[in-house]
Structures are given as structure tokens and as C-alpha cells.
1. Just report the Cα centroid separation between the range 1-45 and the range 55-77, whole Å.
2. Just to check I understand the Karplus step: with θ = phi - 60° and J = 6.51 cos²θ - 1.76 cosθ + 1.60, what whole-Hz values come out for the range 133-145, glycine and proline as x?
3. What residues have an amide H closer than 5 Å to that of PHE42, excluding those fewer than 5 places away on the same chain, when H is modeled at 1.01 Å from N in the peptide plane?
4. Among HIS71, HIS148, which comes first, second and so on when ranked by fewest other beta-carbon atoms within 10 Å?
5. Evaluate the relative contact order of the chain (contact order divided by residue number), counting alpha-carbon pairs under 8 angstrom at least 6 apart; express in whole percent.
6. Please compute the Kirkwood hydrodynamic radius over the chain, one decimal place, Å, based on all pairs of different Cα atoms.
7. Per DSSP helix of 4 or more residues, -39500 (n - 2.57); summed, then divided by the residues of the chain. What does that give at 222 nm, rounded to the nearest 500?
8. Determine Rg/Rh for the range 4-96; Rg is computed over alpha-carbon atoms and Rh is the Kirkwood hydrodynamic estimate from the same atoms.
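None of the figures in this text is laboratory data; all of them are computed from the coordinates on show. A quick note: this is a predicted structure, and the numbers were derived from the prediction, not measured. Every residue, glycine among them, receives a Cβ derived from its backbone with ideal geometry; neighbour counts consider all protein chains shown.
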Amino acid sequence: GLKKKEVNVLCLGLDNSGKTTIINQLKPSNTQTQDIVPTIGFNIEKFKSSSLSFTVFDMSGQSRYRNLWEHYYKESHAIIFVIDSGDKQTDRQTFFTCSLVFLLPPDICSRRMPVLLFANKSDLREAMSSVKVSQLLCLENIKDKPWHICASNAVKGEGLQEGVDWLQDHIR
Ligand code: GTP
Ligand code: MG
């Protein structure tokens with residue numbers, strides 16, 4: 001059959017937001033792991049959709065590793081940004097910092113790189129809706145890139161396929 005197009009995706013977000021859990025769910029079941037630990041530096045993972053072959057840079061969200069993020073924007077075709085929508089500490093300031101980090105690197109500003117956001121941990125009782133998260137992040141101000149936000153429960157794998165379908169349609 002046709003060879004799938006190879007694309008690189010950068011997975012970003014604060015520590016403990018669920019990045020590795022999301023990527024693990026997207027991998028073929030025989031390569032999934034049972035025990036997910038905080039990421040040191042980053043991991044490189046692979047998964048496929050119907051027409052694309054993804055290589056994901058699953059970055060650590062810990063502050064001491066966040067300076068690694070900027071080195072991978074240039075090689076990436078898209079960004080997955082994960083938010084813990086149940087985290088009470090995730091206040092406006094934290095959101096602001098995160099959105100600055102992913103919106104402003106000068107070498108990606110000119111590119112129409114799609115940004116997929118997961119408002120993850122939607123199963124938590126105190127979780128904010130994806131609408132609420134997009135308001136806190138002022139996503140409506142992003143005019144230069146296509147973006148999309150999905151509520152997700154990475155533990156159950158809910159909401160992830162919608163996101164991947166959107167990515168597949170918007171990566172060029
Ligand atoms: P770093 O690698 O440190 O940046 O963290 P991470 O963003 O990769 O988070 P990770 O995937 O390691 O998940 C952190 C914790 O959140 C784990 O205990 C997961 O089981 C849990 N978790 C992830 N997604 C969900 C979710 O949708 N709901 C709930 N309740 N827990 C989740
Ligand atoms: Mg991780």
C-alpha cells in the first residue's frame with residue numbers, strides 16, 4: 001500500500017498533566033507500557049493514524065527540563081499541548097506562562113503550525129470544561145495558527161481519537 005507520510009509532533013505541557021499517558025494510549029497496544037513514570041528529559045515515541053506516521057517528542061514538563069522544548073520546534077509539524085484541567089494550582093499565571101512558552105518562540109511564529117490542546121483529566125470532579133480552559137488561555141486570540149481543544153481522559157483513552165483526527169486533517 002501507500003507509505004504513510006512521516007510527521008514529527010512535539011508534546012508539551014506542565015509536569016503531571018498527562019502527556020506520557022496520552023501518547024502511551026495512542027501507541028499500538030502491544031507497545032503500550034503499564035507503568036508510567038515522570039519523564040526525564042524527553043522520550044521519542046511512534047504511532048500511526050490512517051494516513052500519517054507520527055514521531056512524537058514527549059517532553060518532560062518539569063521546569064528544569066522545559067528549556068529543552070525550544071530546540072524541537074523547528075523540526076516539528078504540529079504541537080500537542082496538554083493541560084491538567086483539574087489542577088487547582090493551574091491558575092491564570094501558570095496558564096499565561098505556558099501559553100507564552102508555546103506561542104512565542106520566534107522561529108515558529110511565522111509558520112502555521114497546528115496546535116492541538118487536550119484539556120485532560122476531564123474525569124476529575126473539579127475539572128474545568130474545555131471551554132473554560134480555552135477562555136483562560138485566551139485561545140481566541142490565536143489567529144496565526146490553526147488550533148483545536150478536546151476534553152480528554154487519558155487513563156480511559158477518551159477524547160484522544162478526536163484530537164488525532166483533527167491533527168491529521170490540519171498537518172500539511
Ligand atoms: P511529566 O513527564 O512529568 O511532564 O508528566 P506527564 O505530563 O507526562 O504526566 P503523566 O502522563 O506521567 O501522568 C501524570 C499522572 O496523571 C499519572 O498518575 C497519570 O495516571 C495521571 N493521569 C493522566 N491522565 C489522566 C486523566 O485523564 N485522568 C486522571 N484522573 N489521571 C490522569
Ligand atoms: Mg511524561
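1. If you average the Cα positions of each part, the centres end up 13 Å apart.
2. 4, 5, 5, 4, 8, 6, 4, 5, 7, 7, 10, 9, 9
3. Counting only residues 5 or more places away or on other chains, the set is SER60.
4. On the way: HIS71 12, HIS148 19.
Going from sparsest to densest Cβ surroundings: HIS71, HIS148.
5. Details: 305 pairs, mean separation 42.2, N = 172.
Taking the mean separation of contacting Cα pairs over the length of the chain, I get 25 percent.
6. Values: mean 1/r = 0.0621 Å⁻¹.
Taking the inverse mean of 1/r over all distinct Cα pairs, the chain comes out at 16.1 Å.
7. On the way: 5 runs with 42 residues, N = 172.
Roughly -6500 deg cm²/dmol at 222 nm, from the helical runs in the chain.
8. Reported Rg/Rh, Kirkwood definition of Rh: 0.97.
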